[in-house]
Amino acid sequence: MIRYATLFEVHLMHDYFMNRGEVVHEALSYGERENLSRRYRLSAFLDIIPTAYCQKILRGHKMIFKTTQTGFCVAAPLAHGGDGLLVTPGADFNLSFALRVSDARFCNYTAQSGGADQIGLFSNTPGNEAEGGLYLSAPIADYDATRTYAADDVYSALSSGTRHLYRAVRDTGPAATPVGADWQRIPADTYDATIAYAAGSIVLAVNRVYRARIDNPSTNLHDSSQWELLHTLANQYVSDTNQLPLKATACEFDVSGASLTQATLRVYRIGAEAASWEHTYTVETGTLTRIALNLQSLPPGAYHLEVLDSALNAVSALGRDFYLDNTALREHWLGVIEIARGSGNFALLDGIDKPRGPRFQLRFRNRATRWRYYFPAIQAVGAGAEVAPEGGDARVLITPAPRPMTQNGTGVRLQNDDLSTPTVSEQVLLPEPEVNRIRRADAQWFSEIHLSNLPL
C-alpha cells in the first residue's frame, strides 16, 4: 500500500467573506470567527487549476492535487518503509496553478490593481514570511513619492516590527509625503477605552490583537496581567507588488528609448543564471523601435528580458520582468501560484527528500467605498449618525469616508437612541450596499443604495 504525505498546502483568504463590517477577522470573537470560517468557500469566487505543464510534473512525480474548502494541497508518495519521498523533486522543480475568477462580481468587492495585460505571480519566495505565516505575496510597498495612487490603493510603513497599512480615500499623488486627508490607516481599531470589557473579549489596537484576562481590565493594554497579546497582524495582502506584464509567445517589446542600431535580446527564467533564449537584431537605417520576439520554444513562466547594445553591455533601463503564457491571456487568469522546492521556512523538503508540509497563505483585501443612500424625501439625521446629507440635500445621505464592503456587514447608523426615552428605539440601521452597484466618480469609489422613506 502506497503511503502519501502532504508536500504543501495553500490557504487563500478574502476579507470580503471573512471580516464583519470594519472589524477584521482576527479581531472578531472566537464564535464569530468559527462561524465565518465554517461558511467560507473559496470555490464561491475562485477556481484553482494545475496548469498543463504542472499536470505533467505531478504525474511524473506521482503526486496528487486536491482542492480544499480554503485552497488546495499537494500530496506526494513516500518511499516503501521510510518517510522520504518516492520520487525526489530536482532543483528545477516548479509547480504552477492558475487562479481563475468564477464570480462575475469579484472585481466589485476586491481591492486589486493591474490591468487586462497583467497577471499576479505568487510564489514561495524567501522573504515573504510575515507575522503569523508564510505568504505567497510580497509585502506591500512603502510610500512612493513619484507615484499616482488610485482610490483604494494602499502603501505600508514598517514601524517597530509592525507593518501599518494606509488606504487611499481618493486618487492622490504624486506628493513628497502622503497628504493626510487622502489616507486612512487600516484596519480600523476596535478597542474603546470607555467600554468595560468582559474576560475573554477580543480587541484590536494599532495592528495588535489582545484578549481580556479579567472582567473590566485597565486601559493599559500592555499590562500582561490583565490583557493577553494574541498576535500582531501581518497586513500582507495581494497587491500590485506582485503584478507582471502578461505576454504571449509571439510578442513585441519597445526598445526605442535607447536609440540602438543593434540589440541583443536575452530572456532568462527568473532565478536562473543562464539565458533560455537569445537573438540579435539590427537595422540598416535609423534605430530599433519595436522588436518582435518568437518565444514558442520557452515553457510558460516568469522571465526577465535583458537588452544589450552592440558592445554587449546591458541597457538597464530596458530590462523588465514578464510572465509568458498563451493560455493565461486567452482565459484571462487572475494570477498564477508557483511552488518551487524553496529554502528556509519556505522549503518543501527537510534535507534531501523528507516533506515538511508547509502551509502557505494568500490574502485578498476587500474594496472600500463611500456608501451613498438615496431617499424619495428628506430624512431626519440624528446625533451620532454615521451618514450625513450630501451637499446639503437630506434626501441623499453619504458616509464621510470609505467603508470596507463585506458579505457579513452591519450597515451604518442613521440616528442614535435618545436616552431621555429609554423605552423607545430611535435608532435606525441602514443596510450595507450590494456589491453590484458601485461606480467611480470624483476620483473616488461609491456604492449606491436606493431606499424607501423611513418612518422616524
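Can you give me the number of residues within segment 160-198 that are acidic (D, E) and within 20 Å of the chain's Cα centre (by Cα)? Number of matching residues: 1. In the set L12, L42, L86, only one residue is open to solvent by 30 Å² or more (accessible area, probe 1.4 Å) and touching a Leu at 6+ places or on another chain (Cβ under 7 Å); that residue is L86.
Taking the criterion of being open to solvent by 50 Å² or more (accessible area, probe 1.4 Å), among the aliphatic types (A, V, I, L, M) and out of contact with any helix residue (DSSP H, G or I) (no Cβ under 6 Å at 6 or more places or on another chain), would at least one residue in segment 131-142 satisfy it? No, segment 131-142 contains no residue that is open to solvent by 50 Å² or more (accessible area, probe 1.4 Å), among the aliphatic types (A, V, I, L, M) and out of contact with any helix residue (DSSP H, G or I) (no Cβ under 6 Å at 6 or more places or on another chain). E228 passes every criterion in (1) in contact with a strand residue (DSSP E or B) (Cβ under 7 Å, 6 or more places away or on another chain); (2) open to solvent by 70 Å² or more (accessible area, probe 1.4 Å); (3) modelled with pLDDT of 95 or more; (4) not hydroxyl-bearing (S, T, Y) apart from (2).
Each row is one residue, and each column tells you yes or no for (1) in contact with a Ser or Thr (Cβ under 9 Å, 6 or more places away or on another chain); (2) open to solvent by less than 60 Å² (accessible area, probe 1.4 Å); (3) not basic (K, R).
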position	(1), (2), (3)
Q361	yes, yes, yes
V396	no, yes, yes
G409	no, yes, yes
E426	no, yes, yes
R439	yes, no, no
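When residues in segment 167-179 are screened for being surrounded by 12 or more Cβ atoms within 10 Å (Cβ to Cβ) and either in a strand (DSSP E or B) or not aliphatic (A, V, I, L, M) (or both), 7 of them pass.
Within segment 180-205, the set of residues being touching a strand residue (DSSP E or B) at 6+ places or on another chain (Cβ under 6 Å) and either part of a loop (DSSP other than H, G, I, E, B) or of a type in the set (K, R) (or both) comprises R185, D189, T190, Y191, Y197, A199, S201. What do you reckon, is S259 of a type in the set (S, T, N, Q) and open to solvent by less than 50 Å² (accessible area, probe 1.4 Å)? No; evaluated as a whole, the condition is false for this residue.
Considering segment 368-381, and only residues there that are in a loop (DSSP other than H, G, I, E, B) and either open to solvent by less than 20 Å² (accessible area, probe 1.4 Å) or touching a Gly at 6+ places or on another chain (Cβ under 7 Å) (or both), the residue that is nearest to A441 (Cα to Cα) turns out to be F375.
Inside segment 24-39, can you point out the residues that are open to solvent by 50 Å² or more (accessible area, probe 1.4 Å) and charged (D, E, K, R)? Listed by number, the residues that qualify are E32, E34, R38, R39.
How about segment 58-164: which strands (runs of 3 or more DSSP E) wholly inside it have at least 1 residues that are modelled with pLDDT under 95?
94-101, 118-123, 133-135, 154-159
Would you point out the residue of segment 291-327, among those that are in a helix (DSSP H, G or I), over 30 Å from P50 (Cα atoms) and touching a residue at least 24 places away in the same chain (Cβ under 8 Å), that is most open to solvent (accessible area, probe 1.4 Å)? Ranking the candidates gives A317 first.
Does G286 satisfy being farther than 24 Å from N326 by Cα, open to solvent by 40 Å² or more (accessible area, probe 1.4 Å) and either touching a residue at least 60 places away in the same chain (Cβ under 8 Å) or basic (K, R) (or both)? Spelling it out, it is not the case that G286 is farther than 24 Å from N326 by Cα, open to solvent by 40 Å² or more (accessible area, probe 1.4 Å) and either touching a residue at least 60 places away in the same chain (Cβ under 8 Å) or basic (K, R) (or both).
The values are calculated or read from the model by the stated rules, or taken from the named source; none is laboratory data. All of these numbers come straight from a predicted model, not from anything done at the bench. In this analysis, Cβ positions are derived from the backbone assuming ideal geometry, glycine residues included, and neighbour counts consider all displayed protein chains. Note: areas computed on protein heavy atoms with side chains; ligands, DNA, RNA excluded. Shrake-Rupley method; radii C 1.70, N 1.55, O 1.52, S 1.80 Å.
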